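Since every read-out is calculated from the coordinates, none of them should be taken as a lab result. What you see is a predicted model, and the numbers here were worked out from it, not measured in a lab. Cβ: placed from backbone, ideal geometry, glycine included. Neighbour counts: every protein chain shown.
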Amino acid sequence: RGGEAAALRWCISGALCAAFLGLGMSIAVLGPTFPNLAANVHKNVSDIYYIFVGRSLGYLGGSVLGGLLFDCMNARLLLALSMFGTTVGLYGIPWCKKSLLLTVLMSVVGASMGILDTGGNILALNTWGAEAGPHLQALHFSFALGAFVAPILAKMALGGSESKDLAVAEKTNQSVVRSVPTASAASALSALKYHLGADFLWSYVVIGTYLLFVSFFFFVLYSKGSSGRDKSKASLQKSVFAKYHYALILLLFMFFLCYVGAEVTYGSYIFTYAKVFAEMKENEAAALNSVFWGTFAACRAVAIFCAACLYPGTMIVLSLAGSAVSSSCLAAFARHPLSLWVGTAVYGASMATIFPSGIAWIEQYTVVQGKSASLFVIGAALGEMCIPAVVGYLQGRFHRVPVLMYAALGCSAMTVLLFPLMYKLARSPGESDLTEMSENEDRKALLSNSGLNEDEEDEEDAGEWNEADFEVIEMNDMLRNSVIETSRKIPGDSPAKVPLQPHGDDALSDSPGAAGGSPGRKNLSVDREKND
């Protein structure tokens with residue numbers, strides 16, 4: 001049974017990694033296919049920005065809903081349903097011809113991904129408990145890997161035929177223009193554009209099919225029943241809450257808001273910043289952007305093994321130190337090329353492990369329920385929405401100020417200030433700890449008092465036994481002295497030969513001497529009666 005339980009836990013961890021790989025692909029596929037979606041609904045790119053708002057709102061709503069549902073239903077079943085919902089949305093998005101319907105489907109996909117993001121962390125914590133650190137790092141590395149794979153999948157693997165179709169399209173368009181009237185040429189061109197845009201559909205279909213298989217696997221895991229660890233954790237939830245539980249959750253909410261906002265802001269604006277502010281070439285700016293995300297993903301992979309030998313708090317401290325130093329250098333030497341390359345690489349590496357390490361760290365001090373995990377995801381989503389918008393607005397107003405680097409430095413300073421405060425609150429002894437300490441002190445006091453009483457009783461008993469021994473010794477001495485004196489009065493008998501008890505033949509003798517008794521014998525009997 002122990003081997004089956006261990007195998008089930010590893011299957012759950014593998015399924016979660018597969019699910020987060022699909023989550024990363026689902027989020028990142030929108031970027032390279034955004035122009036195709038705009039053409040599909042007959043809109044310009046700048047006119048359908050609201051689909052991002054719809055997906056973000058759905059993500060927030062899904063996080064809240066998932067936090068409530070995970071506390072009252074099976075986690076594996078809920079994850080399977082959320083991935084199935086994501087699959088339905090991904091299948092429907094490429095076929096949308098109306099912008100409103102596209103926004104609704106984006107909201108559905110966002111809600112499903114919010115449930116998956118919230119529930120995946122909770123299920124990993126409930127499955128592995130104190131050993132969840134490496135598995136959380138593996139989850140978020142899978143997310144980064146999916147975000148890296150999706151653009152390649154959309155543009156290279158599935159959109160490779162676009163250039164060939166474009167060459168064929170030009171020839172076809174020329175022949176159509178030469179042989180048919182203008183109206184027919186326009187209709188042929190629109191049909192050709194639809195054919196070219198249809199290639200991007202398969203990227204959504206492939207990702208949706210992948211998530212469908214993963215959801216079926218979670219349905220299979222759900223049929224296996226819940227693990228014993230989940231039950232034991234549920235039974236211990238009332239006794240392991242930290243003293244400042246809600247304050248810790250709120251501070252970690254703000255911590256993740258600053259961290260994720262800084263991460264997304266830097267990754268989104270570093271390309272434009274390098275071109276406009278640092279005056280780099282386009283290929284150099286693209287390479288700088290790739291350095292950030294490359295070190296980010298690589299360090300998440302390394303963190304899987306580091307989490308097995310380092311405490312989550314240690315990893316957070318190292319990450320915060322790296323982000324503080326690198327952001328300070330980036331803000332101080334905003335235009336220096338070497339500072340940009342080295343600082344970007346160190347900053348990306350430092351930001352990689354903070355989110356999963358933060359979840360693993362808070363689990364050591366208090367219970368992370370569904371509602372708590374949803375607050376973490378909501379904080380991350382709000383940071384992703386608000387901080388990039390504010391930085392973009394300020395950078396547009398102040399062209400000569402490195403707003404991006406100052407924002408990175410400010411967010412690093414906030415996280416550096418928040419973590420020691422959280423650590424102080426987490427280490428404060430709770431009511432149960434204080435009660436246990438007082439009980440231990442009372443127990444020690446009782447034991448010490450009982451030890452003193454036992455020592456006093458032992459001393460009293462020893463004194464009584466000593467007095468009794470002295471009395472016995474005195475009685476034995478008196479008896480011996482009396483016997484010696486009596487034996488001396490009897491002539492011819494030695495003290496050693498004087499019997500202490502009368503012989504039977506003397507007592508039963510019929511002689512007159514025996515009956516009358518001698519004076520010596522009478523004195524001996526008198527002495528015996530006195531001694532008795």
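Most tightly packed first, judged by the mean number of other beta-carbon atoms within 10 Å of their residues, the peptides 406-414, 77-85 read 77-85, 406-414. Based on every Cα atom in the range 242-428, Rg and the maximum pairwise Cα distance Dmax equal 16.7, 54 Å. For the range 242-428, a simple Cβ point-charge model (Lys and Arg +1, Asp and Glu -1, everything else neutral) yields a dipole of about 340 debye relative to the Cα centre. Among the listed pairs Lys243/Lys424; Lys43/Lys281; Lys243/Lys371, those whose Cα-Cα separation exceeds 22 Å are Lys43/Lys281.
Along the charge dipole of the range 242-428, pointing to its positive end and built from +1/-1 on Cβ of Lys, Arg, Asp and Glu, which listed residue (Pro388, Tyr246, Gly370) has its Cα farthest out? My answer, from the dipole projection, is Tyr246. Sort the range 83-139 into rounded, prolate or oblate with this rule: let a ≥ b ≥ c be the square roots of the eigenvalues of the Cα gyration tensor; rounded if a/c is under 1.5, and if a/c is not under 1.5, prolate when a/b is larger than b/c, oblate otherwise. Prolate, since a/c reaches 1.5 and a/b exceeds b/c.
How would you order 301-307, 93-99, 23-29 from highest to lowest mean count of nearby Cβ atoms within 10 Å? Kindly include the intermediate steps, with their values, before the conclusion.
Values: 301-307: 18.1, 93-99: 16.1, 23-29: 24.0.
Put in order of decreasing packing, that is 23-29, 301-307, 93-99.
Peptides 366-376, 381-391, ordered by how many other C-beta atoms sit within 10 Å of their residues on average, highest first, read 366-376, 381-391.
Give the shape of the range 284-351 as rounded, prolate or oblate, defined through the alpha-carbon gyration tensor: a ≥ b ≥ c are the square roots of its eigenvalues, a/c under 1.5 means rounded, and otherwise the shape is prolate if a/b is larger than b/c and oblate if not. Show your work: numbers first, answer last.
Working: a/c = 4.33, a/b = 1.63, b/c = 2.66.
It is oblate, given that a/c is not under 1.5 and a/b is not larger than b/c.
Rounded if a/c is under 1.5, else prolate if a/b beats b/c, else oblate: with a ≥ b ≥ c from the C-alpha gyration tensor eigenvalues square-rooted, which is the range 310-403?
Oblate shape, in that a/c is at least 1.5 and b/c is the bigger or equal ratio.
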